[in-house]
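Asker: Sharing a structure below in structure tokens format, with a few things to ask.
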Amino acid sequence: MQYRRLGRTNLDVSLICLGTMTWGQQNTEAEGHAQMDYAVDQGINFFDTAELYSIPPRPETQGSTERIIGSWFKSRGKRDKVILASKVVGRSDNTWFRDGGSKAELSRAQIEEAVNKSLKRLQTDYIDLYQIHWPDRPMPWGSNPTVYRHQDGDSHSIEETVAIMGDLVKAGKIRHFGLSNESAWGTMTFLKAADAQSGLPRVQSVQNAYNLLNRTYEVALAEVSLRETVSLLAYSPLAQGYLTGKYLDGARPAGARTTLFKRGQRYETPGAEPAIRKYIALAKEFGLDPAQMALAFVNSRPFVTSNIIGATSMEQLTTDIASINVAITPELEQRIDAIHLEHCNPCP
């Protein structure tokens with residue numbers, strides 16, 4: 001396993017991060033425990049979860065993933081072996097997150113309620129990286145859309161949010177904070193807010209979608225990551241499994257996420273399947289597993305600190321973790337870029 005520094009912290013996280021959002025619906029508690037056991041044995045020290053999980057979001061399963069991680073910590077006694085990331089939801093019309101039935105927003109009361117509930121479910125005293133799952137302000141679909149339509153609406157200020165995160169750090173409930181589904185403007189505004197007042201915590205990471213079908217992070221945020229030392233934690237590196245080819249020609253394998261939940265619209269755009277076919281053909285030409293090539297590409301980017309993989313079977317998990325051993329040669333990267341230029345970001 002390889003390790004990279006998380007932002008400007010003193011934490012070195014594994015290049016492969018264990019995503020957990022299927023635990024509690026697609027995966028049982030026992031299966032989640034087995035995945036964590038195997039991941040730690042393979043050198044993974046970084047887990048990512050959220051108060052929202054499991055996926056798809058449902059009132060009856062909200063928080064189930066954190067509870068599964070908490071029961072693993074209790075049974076294995078390995079809290080000190082794991083750098084743990086979780087998230088608080090952004091503004092939402094959903095009312096099941098908060099005790100009073102309020103719509104979700106990033107107010108002080110709601111953030112404090114969220115972190116306290118997460119700590120209880122996780123059976124831990126602290127969260128290493130606490131992330132804002134999506135912005136409080138209105139945003140177009142996708143953190144970096146290829147077609148931008150501005151939106152206005154109610155929101156708590158970024159300066160207010162940074163101050164709240166600072167208080168959580170002082171209280172010892174979180175060590176650092178990060179963003180998710182965020183834009184370049186949003187990231188830089190969070191950084192400016194921290195710089196404006198001594199003692200406020202700096203954003204350490206951005207968790208955004210990044211894969212062969214969606215490289216929009218490179219347009220503006222990659223430079224932010226490298227120049228400001230803000231780590232990209234790449235999610236959906238296999239484009240919800242579409243880059244494996246298992247959904248080509250309308251196939252719907254039994255037990256697969258899109259088969260069960262019909263939530264794959266992001267990767268079913270008109271330009272998606274032609275690009276997927278070319279990436280799969282390229283992997284086969286180079287003698288590579290298509291999933292491992294897609295993951296290895298994400299692993300190889302200098303602005304990526306950790307690649308968040310998610311698996312519903314141990315077979316998938318072993319394949320995905322083994323991508324750490326696949327190299328993207330200059331020739332292969334050139335061929336990948338040629339396909340990208342022909343089929344540029346079909347799934348932002």
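Asker: Just to confirm a number: summing +1 for Lys and Arg and -1 for Asp and Glu over residues other than Ser71 whose beta-carbon lies under 15 angstrom from that of Ser71, what do you get?
Answerer: Surrounding charge for Ser71 is +3.
Asker: Please sort 3-9, 152-158, 255-261 by packing, taking for each peptide the average over its residues of neighbouring beta carbons within 10 angstrom, highest first.
Answerer: Listed from highest to lowest mean packing, they are 3-9, 255-261, 152-158.
Asker: Relative to the Cα centre, what is the charge dipole magnitude of the chain, using +1 at the beta carbon of each Lys and Arg, -1 at the beta carbon of each Asp and Glu, and rounding to the nearest 20 debye?
Answerer: Its charge dipole is roughly 360 debye.
Asker: Specify whether the C-alpha gyration tensor of segment 229-299 places it in the rounded, prolate or oblate class, a ≥ b ≥ c being the square roots of the eigenvalues: rounded for a/c under 1.5, otherwise prolate if a/b is larger than b/c and oblate if not.
Answerer: oblate
Asker: Normalised by the number of residues in segment 74-140, what is the relative contact order in percent for Cα pairs under 8 Å and 6+ residues apart?
Answerer: After rounding, I find 43 percent.
Asker: Sort out for me the Cα centre separation of segment 137-156 from segment 1-34, rounded to whole Å.
Answerer: So the separation of the two Cα centres works out to 29 Å.
Asker: To continue, here is another question. Mind jotting down a quarter of the surface of the convex hull over the alpha carbons of segment 159-256, in square nanometres, one decimal?
Answerer: Computed as one quarter of the Cα hull surface, the answer is 8.3 nm².
Asker: Placing +1 at every Lys and Arg Cβ and -1 at every Asp and Glu Cβ, with all other atoms neutral, what dipole size does segment 75-185 have around its Cα centre, in debye to the nearest 20?
Answerer: Here the size comes out at about 640 debye.
Asker: In vacuum, with every alpha carbon of segment 166-323 counted as one equal point scatterer, what does the Debye formula give for log10 I(q)/I(0) at q = 0.16 Å⁻¹? Two decimals, please.
Answerer: -0.94
Asker: Another question, if that's okay. Which Cα, out of Thr319, Thr329, Leu248, lies furthest along the positive dipole direction of the chain (beta carbon charges, K/R +1, D/E -1)?
Answerer: Thr319
Asker: Quick one: Debye curve from the C-alpha atoms of segment 1-117, no solvent, what's log10 I(q)/I(0) at q = 0.22 Å⁻¹?
Answerer: The Cα Debye sum returns log10 ratios of -1.21.
Asker: Order by neighbour count: Glu60, Glu223, Glu51, fewest other Cβ atoms within 10 Å first, most last.
Answerer: Glu60, Glu223, Glu51
Asker: Okay, moving on. Which pairs break 23 Å Cα to Cα here: Lys120/Lys262; Lys81/Lys246; Lys78/Lys173; Lys117/Lys262?
Answerer: Lys120/Lys262; Lys81/Lys246; Lys117/Lys262
Asker: Can you sort Trp23, Trp185 from fewest to most other Cβ atoms within 10 Å of each residue's own Cβ?
Answerer: Arranged by neighbour count, lowest to highest, Trp23, Trp185 become Trp185, Trp23.
Asker: Where does helix 29-41 land angle-wise versus the long Cα axis of the chain, in degrees 0 to 90, nearest 10?
Answerer: That works out to roughly 80 degrees.
Asker: Assigning unit charges at the beta carbon (Lys, Arg +1; Asp, Glu -1) and nothing else, what dipole magnitude in debye, to the nearest 20, does segment 173-262 show about its Cα centre?
Answerer: With Lys and Arg at +1 and Asp and Glu at -1, about 360 debye.
Asker: Need one number: nm distance between label points at Ser198 and Arg263, each 7 Å from Cα along Cα→Cβ, rounded to one decimal.
Answerer: If labels sit at Ser198 and Arg263, their model points lie 4.6 nm apart.
Asker: Now a separate question. Averaging sequence separations of C-alpha pairs under 8 Å and six or more residues apart, then dividing by the length of the chain, give the relative contact order as a whole percent.
Answerer: Value for the chain: 17 percent.
Asker: Same structure, new question: Excluding Asp337 itself, calculate the net charge of residues whose Cβ lies under 15 Å from the Cβ of Asp337, where each Lys or Arg counts +1 and each Asp or Glu counts -1.
Answerer: Taking every Cβ under 15 Å from that of Asp337, the sum is 0.
Asker: The chain: percent of C-alpha pairs farther apart than 24 Å?
Answerer: Counting every Cα pair in the chain, those more than 24 Å apart make up 54 percent.
Values in this text are rule-based calculations from the coordinates and carry no lab data. In this text the structure is predicted, and so the values were computed from the model without any measurement. Reconstructed Cβ throughout: ideal geometry from the backbone, glycine too, with neighbour counts over all protein chains shown.
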